[in-house]
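Novice: Quick one: structure below, then a few questions.
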Amino acid sequence: MERILIIGAAGQLGSELTFTLSQQYGGDNIIASDLNPKALEKFEYCKTAVLDIMDQDAVRKLIKDQNVKQIYHLAAVLSATGEKNPRFAWQLNMDSLLFVLELAMEFKMDKIYWPSSIAVFGPNTPKINTPQFCVKEPNTVYGISKQAGERWCEYYFQKFGVDVRSLRYPGLIGYKSLPGGGTTDYAVDIYHKAIAGEHFDCFLSADTALPMMYMPDAIKATLDLMHAPKENVKIRSSYNLAAISFTPEEIYQCIKTHHPDFTISYSPDFRQAIADSWPDSIDDTRAREDWGWKHDYDLKKMTADILRNLPAYLVNF
Ligand code: NAD
Ligand code: AKB
């Protein structure tokens, strides 16, 4: 039996991607792995493994023992946390990707998935409808690691034929796990505050527009890309991907239509500079043309869905 390994499965993206992969391939064929043993308890429907991606012997052993043929490598330090310990962020984000790409060659893997981010863009990038190919010059360690990672993915594809696929996600918004240290994560936290009946103090200014996406759309995009015929995946660095763009004030006003007493204040901190260096909106024409990407959720539909479903999840946090 050929298996799929998810590294960093217990995070925001992995928690939901692992569930859908288990539905598609059967839980016996999916191994959810993470550094955090406690967080793996939620995966009762698939195999699990406590695994540090930096422990090369342990990763090799698991791949061999379990006949792993696909890897979704999600473990990373995100933008805001990365700035607190840049050398560690570089080491984890870069060394782990290069290791996974080497493993793909060593074990003749079918496919690898590795997410990039809008953090590859920087202050000199066109801000509106940012094109697929343009000046990048990221100025966070997270963005630098994602840009370098994209170059390595394309290199391993062209030089060694590794079938590695990637998306430049915008800020991902889900309600099934807690924020993981990103600049866009205010848009996750704000729903928790609204449901709890608490005031929300936003670390970005009211008018900071950023590209965002609801998690079900992100899962759909990821699996559409991974299931696309190889010849349709024409970009081997990473695809621009877009759904919605909004500001903190716009998401607040949308939540307020459900919770009229909800209040907000704005206290921009170091994350404001990170957000200011990123695009307001993204042109994802290539993803739409090459493998048929289409998003389902706008701000209104996403907000209604989160506010309807989050209360039932809160007992698990
Ligand atoms: P997250 O921080 O929520 O989850 C990361 C997971 O990796 C955590 O469960 C953590 O325990 C695990 N991990 C950390 N170090 C590890 C190690 N050494 N070995 C094994 N596991 C380790 O992150 P996320 O939001 O789920 O993001 C997943 C991926 O998607 C990342 O590569 C991130 O850069 C990318 N991405 C996320 C977003 C977003 O908005 N969430 C946007 C763009 C790109
Ligand atoms: C972050 O804010 O760091 C992430 C991302 C956009 O990559 N959510």
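Novice: Please determine whether any residue of segment 269-291 is assigned to a loop (DSSP other than H, G, I, E, B), free of Cβ contacts under 8 Å to residues at least 40 places away in the same chain and open to solvent by 50 Å² or more (accessible area, probe 1.4 Å). Full working, then the answer.
Specialist: Going through segment 269-291, the residues assigned to a loop (DSSP other than H, G, I, E, B) turn out to be 269-270, 277-281, 283-284.
When the remaining residues are screened for being free of Cβ contacts under 8 Å to residues at least 40 places away in the same chain, the result is none.
Looking for residues that are assigned to a loop (DSSP other than H, G, I, E, B), free of Cβ contacts under 8 Å to residues at least 40 places away in the same chain and open to solvent by 50 Å² or more (accessible area, probe 1.4 Å), one finds none in segment 269-291, hence no.
Novice: Same structure again: Mind listing whichever residues of segment 10-48 are open to solvent by 10 Å² or more (accessible area, probe 1.4 Å), part of a strand (DSSP E or B) and more than 10 Å from ligand 1 (Cβ to nearest atom)?
Specialist: Lys47, Thr48 - these are the residues of segment 10-48 that are open to solvent by 10 Å² or more (accessible area, probe 1.4 Å), part of a strand (DSSP E or B) and more than 10 Å from ligand 1 (Cβ to nearest atom).
Novice: State all residues of segment 126-170 that are within 12 Å of ligand 2 (Cβ to nearest atom) and among the basic types (Lys, Arg); if no residue qualifies, say none.
Specialist: If the condition is that a residue be within 12 Å of ligand 2 (Cβ to nearest atom) and among the basic types (Lys, Arg), then Lys146, Arg168 are the ones that fit.
Novice: Now for a separate question. Quick one: Thr263 ticks every box in (1) more than 21 Å from the chain's Cα centre (by Cα); (2) under 22 Å from Ser79 (Cα atoms) except a single one, so which number is it?
Specialist: Answer for Thr263: the failing condition is (2).
Novice: Go through segment 67-126 and tell me which helices (runs of 4 or more DSSP H), entirely inside it, have 1 or more residues that are under 25 Å from Leu21 (Cβ atoms) and either without any contact (Cβ under 8 Å) to a residue 24 or more places away in the chain or among the hydroxyl-bearing types (Ser, Thr, Tyr) (or both). Give the steps one after another, and end with the answer.
Specialist: Numbers: elements: 79-82, 86-90, 96-106.
Those helices (runs of 4 or more DSSP H) span 96-106.
Novice: Let me ask something additional. Report yes if some residue within segment 89-110 is within 16 Å of ligand 2 (Cβ to nearest atom), in contact with a helix residue (DSSP H, G or I) (Cβ under 6 Å, 6 or more places away or on another chain), within 27 Å of Ala228 (Cα to Cα) and open to solvent by 20 Å² or more (accessible area, probe 1.4 Å); otherwise report no.
Specialist: no
Novice: Taking segment 152-170 only, how many residues are away from ligand 1 (no atom under 16 Å from the Cβ) and either in a helix (DSSP H, G or I) or surrounded by fewer than 15 Cβ atoms within 10 Å (Cβ to Cβ) (or both)?
Specialist: Residues flagged as away from ligand 1 (no atom under 16 Å from the Cβ) and either in a helix (DSSP H, G or I) or surrounded by fewer than 15 Cβ atoms within 10 Å (Cβ to Cβ) (or both) within segment 152-170 amount to 8.
Novice: Starting from residues that are open to solvent by less than 10 Å² (accessible area, probe 1.4 Å) and within 6 Å of ligand 2 (Cβ to nearest atom), keep the ones in segment 171-184 and report whichever is nearest to Ala304 (Cα to Cα).
Specialist: Here the answer is Gly171.
The values are calculated or read from the model by the stated rules, or taken from the named source; none is laboratory data. No experiment lies behind these values; they were computed from the predicted model shown. Neighbour counts are summed over all protein chains in view; Cβ atoms, including those assigned to glycine, are modelled from backbone coordinates with ideal geometry. Calculation scope for accessible area: heavy atoms of the full protein, side chains included, ligands and nucleic acids excluded. Shrake-Rupley method; radii C 1.70, N 1.55, O 1.52, S 1.80 Å.
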